[in-house]
Amino acid sequence: MSVVRAAADPAHPEGGHAIILLQGVMDIPADPRFRILREGWGKGTLGPEGWQVSDALIAPDRAEASPQGVRLYLGPQVVDWLEAGPVIFRLPEARIDAPLFWPDVPPLHGGSGHTIAVPPPPAPRAAPTPPAPPPLPGGEDPDATIMLPRAIPAPAPALSVPQPAAMARRGSALPWILLALLLLAAAAGGAYWWFVLREPPAPPPEQPPTSEPVIIAPEPLPRPERPIEPPPILPPVRPQAEPQAPVTLDGLSVPEVVARAASPAAIAAEAARRYESGRYDDALLLWEAAARAGHAASLTRLAGLYDPVGFTPGRPFRDPDPRQAARHYREAVTAGDQAAAEPRARLRQWLDDRAREGDINAPLTIRDFWQ
């Protein structure tokens, strides 16, 4: 026996789309049209203009085969008419007649413009041919030897005294009153049976759990994420005395400067020289190495590279980053660099202005690094 399930289509989170799974049906029927019925309603068949009395077949947008069974994809022209609750699903081609609990799928106002397939109306029957009128009395007799002329009736003489018009017969209204009372009594009895005495329909039997989970609506494929390049690994710097950096550091690479520098301050000084000479990428890496070694002033210089207040594109970044600037300023103040207090206050004023203009990221940055 095939089991019919339904769920919202995850590919359309805006609503108005659903998927019907014919569990156990592996081949797509040649005619996938189906019926959706509801018991106890005068208009119990879903048609092109909603629920109706006459029969109608519904065509899905498309049908696909899956390891769980055949999936029928429905659009808003069908889903918007359905409410959460039990219905009856029938697919004549696959001989399926099973109960279906329709889930709560939000409607999509406007629909997709598709129509629901319905059977063509029956051809009108031709009107029957009226019978031939009977022959008039006094007609011609073909067997007679003498042809007699038809007798023309003479008009009745007019009466000299006007006659009273015949009075119409009046019938009694009692039978109609009794019939109306009987209909009211029958309607009241039917309503009492429907709402009081009728037993609710039994819920559909639960299916035994299967070894594999039933996937009614497949999840959309995830979007590929860009790989994040790891930052360059620099050797740790051992804090030492702070003699002046030798002149030979200018011709060394960044890892060599970090390895040969006498102290974090020497690394920061070399970073400042390379920044002034236009080697901004080297200056960024050297200030990061000095900051990791505990040099508080290097944190302030790093914050200035990201700070939108007075930002210069291409040194070395194309766009400012207020969150990175706020993070480095806070770390510099915590590490004891008093010079970071003034630019940090200017950045806070800039974020307050952006928040008043409607920037949703500015309040988050203030909350994370000032509160």
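Throughout, read-outs are computed from the coordinates displayed, never taken from laboratory work. All values derive from a computational prediction rather than experimental measurement. Glycine gets a Cβ as well: all are built from the backbone with ideal geometry, and neighbour counts include every protein chain shown.
Potential lengthening of the chain between I88 and A345 amounts to 85.7 nm, from the contour at 0.36 nm per residue minus the alpha-carbon distance.
Label-to-label distance for R292 and R273 is 2.2 nm, based on points extended 7 Å past Cα in the beta-carbon direction. Taking amide H atoms as placed 1.01 Å from N in the peptide plane, the amide H of I96 lies under 5 Å from those of L91, each 5 or more residues away in sequence or on another chain.
Could you please report the charge total around G15, scoring K, R as +1 and D, E as -1 over all other residues with beta-carbon less than 12 angstrom from its beta-carbon?
With Lys, Arg at +1 and Asp, Glu at -1, the net is -4.
Across all Cα pairs in the range 326-371, the calculated P(r) in 5 Å bins from zero up to the longest distance comes to 4, 24, 30, 22, 12, 6, 2 percent per bin. What net charge is computed for the residues neighbouring Q52, neighbours being all others with C-beta under 15 Å from the C-beta of Q52, Lys and Arg scored +1, Asp and Glu -1? Cβ neighbours under 15 Å give a net charge of +1.
A Förster radius of 25 Å, combined with the Cβ-Cβ distance separating S253 from R318, puts the computed FRET efficiency at roughly 0.55. Using R0 = 35 Å, the C-beta based FRET efficiency linking I215 and W193 works out to 0.25.
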